[in-house]
Amino acid sequence: MNTTEELWSQRAKDYWSRAIRYLRLIGNSGFLFTIYLSIIVGSYYYSELLKWLPEWFPAALFLATLTAVFVTKSPLRTFLKSADVVFLSPIEGKLQAYFRFSLFYSFIVQSFVIIFVIVLLTPMYRHFIVDDASSLIFIIVVLLISKGWNLIVQWEEARLLFLGIRQAHTLMRFIVNLTLTYFLFSGASIYFIVALVIMKGLLLLLYYQHIKQRHSLKWEFLIEVEERMVMFFYRIANMFTDVPKLSTKVKQRKFWSSIPNFLTFNQTSTFPYLFLKSFIRANDYFGIYIRLTIVAIVFIFYVQFDYGRIFVALLFLYMSALQLSTLMKHHNLTLWIDLYPIDVEVRKKAFSSVVFSLLLIKVSIFTLFTFLATNLTEALFVLVLGFVFSYLYSYFYMSKTSQS
C-alpha cells in the first residue's frame, strides 16, 4: 500500500466482498419473504394503532426520544485490525486521511438509518403533530447535521481512557440531542433550534478540541468497537450459513448457568447440557431471548385489535426460533466435540429437544400474558398454535435443515 487512503479503500472493499456474499445467502433463504409479510401486516396494524392511541399521547416526546437514541448512537467504522496496534499506531499522526474516510463512510451509512427511522415515524408525526412535508425535510436536515456532530464528538470521546467517563459523555450528548429533537417535533421556534446547533458547535471547538490535544487515540478501544460491529453482522449471517470468522464471547451468569446441572448425569444428557450451557453463557443468545420475550409481552398488552395478540405471539416466537437455530452451528468449528462417542443423530435430537423446550417456555409466557390482556379464547389460540409451531420447527424443520 502506497497511501493510507489506499489501505482504507482496500479494507472496506475486502469487508464488503465478504458481506455481500452473506447478504446473498440471506436473501436466498426466504427471510426476505418474512420481512415483506411483516411489512404488509405491520403497516395495517400501524394505521390501526394510530387510530387507537388517545389524543393526549405524548407523540412529540416519543418521537424525540426515539430519534435522539439513533442520533446519539454513532459508532465509527474504522476497519481496524488487532495487529494495527503494532503496525499502525507508530504512524498515528499520518493517519488523518484514513480516519477522515472512516468518518465520511460512517456518516453516509448512519444517515440512511436516520432517514429510514424518520420514514417509519412519518405516519405518527403527520397524525399527531402536523401534516407538512416541508417540516419533515427540515427535521431530516437538522438530524443529519446533528448526526455528523455526534460522529465527530464520539470519535474524540474514544480518546478518553475510562469507560465510566465515556458513558457520562454519552449521557450528556443524549440529553443535548433529546432537547434538540424535542424542539424539532414540538414545533418550537427556529431560534431555539439554531441556538442549540450553535451550542453544539461551541462544544466541539472549545471542549472536544481540548480532549483531542490532551489525549491520544485508544487503539484497543477502537479495535474493540470495530470487532463488535463486525461480529454483530456475522451473528445475523450465522442464522443462515456457517461463518468461520464468528468469534465467541462467554459470560458467567452464575445463577442461570446452574440450571443445566439439574439434567440427569448420563451420556444422553451430554449435548442437551452443552447446548443449554452455550445458550446461557455464549455470545448473546440468552440476552436476545430475554429481550424478545419482554418486547413481545409489551406488544401483547399494547395491541388492541382482534387476534392481533395471536399474530404478535407467533411472530416473536418465529423470531426466537430463528435466533435459537444458530445455536446448532455454534460448535461446528470446535474439533474436540467430534471426540464424543455420541452419534450425530443423537446430537440433532438433543438440539431439537433444547430448542423445543426453550420455545415452549415462551409459548407458556405468551399464553399467560395473552390471557391477562384479553380472554381465554385468544390465550388458547396462542397455546395451541404456539405448541404446534414449536414442535414442527424443532423436530421437522430443524432436522431437515441440519441435514442439508
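The values are calculated or read from the model by the stated rules, or taken from the named source; none is laboratory data. A quick note: this is a predicted structure, and the numbers were derived from the prediction, not measured. Heads up, the Cβs are rebuilt from the backbone with ideal geometry, glycines too, and the neighbour counts pull from every protein chain shown.
So the values come out like this:
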{"quantity": "Residue in segment 120-131 that is without any contact (Cβ under 8 Å) to a residue 60 or more places away in the chain, within 26 Å of Asn150 (Cβ to Cβ), assigned to a helix (DSSP H, G or I) and not β-branched (Val, Ile, Thr) present", "calculated": "yes"}
{"quantity": "Lone unmet requirement of (1) surrounded by fewer than 13 Cβ atoms within 10 Å (Cβ to Cβ); (2) at pLDDT 70 or above for Ala60", "calculated": "(1)"}
{"quantity": "Which listed residue is at pLDDT below 85, assigned to a helix (DSSP H, G or I), surrounded by 15 or more Cβ atoms within 10 Å (Cβ to Cβ) and aromatic (Phe, Trp, Tyr), from Phe371, Phe356, Phe351", "calculated": "Phe351"}
{"quantity": "Number of the condition not met by Gly308 [criteria: (1) modelled with pLDDT of 75 or more; (2) under 20 Å from the mean Cα position of the chain (by Cα)]", "calculated": "(2)"}
{"quantity": "Selected residue [under 23 Å from the mean Cα position of the chain (by Cα) and not β-branched (Val, Ile, Thr)] from Phe99, Phe57, Phe112", "calculated": "Phe112"}
{"quantity": "Residue satisfying all of: in segment 149-168; surrounded by fewer than 18 Cβ atoms within 10 Å (Cβ to Cβ) and within 23 Å of the chain's Cα centre (by Cα); farthest from Lys218 (Cα to Cα) among these", "calculated": "Ala168"}
{"quantity": "Pair list, Cβ under 8 Å, 6 or more apart: segment 302-320 residue assigned by TED's automatic domain parsing to the domain that holds Ala373, other residue acidic (Asp, Glu) and at pLDDT 75 or above", "calculated": "Tyr307/Glu378; Arg309/Glu378; Ile310/Glu378"}
{"quantity": "Selection status of Phe387, surrounded by 20 or more Cβ atoms within 10 Å (Cβ to Cβ), at pLDDT 75 or above and among the aromatic types (Phe, Trp, Tyr)", "calculated": "no"}
{"quantity": "Residue list for segment 69-96, filter: aromatic (Phe, Trp, Tyr), under 28 Å from the mean Cα position of the chain (by Cα) and part of a helix (DSSP H, G or I)", "calculated": "Phe70"}
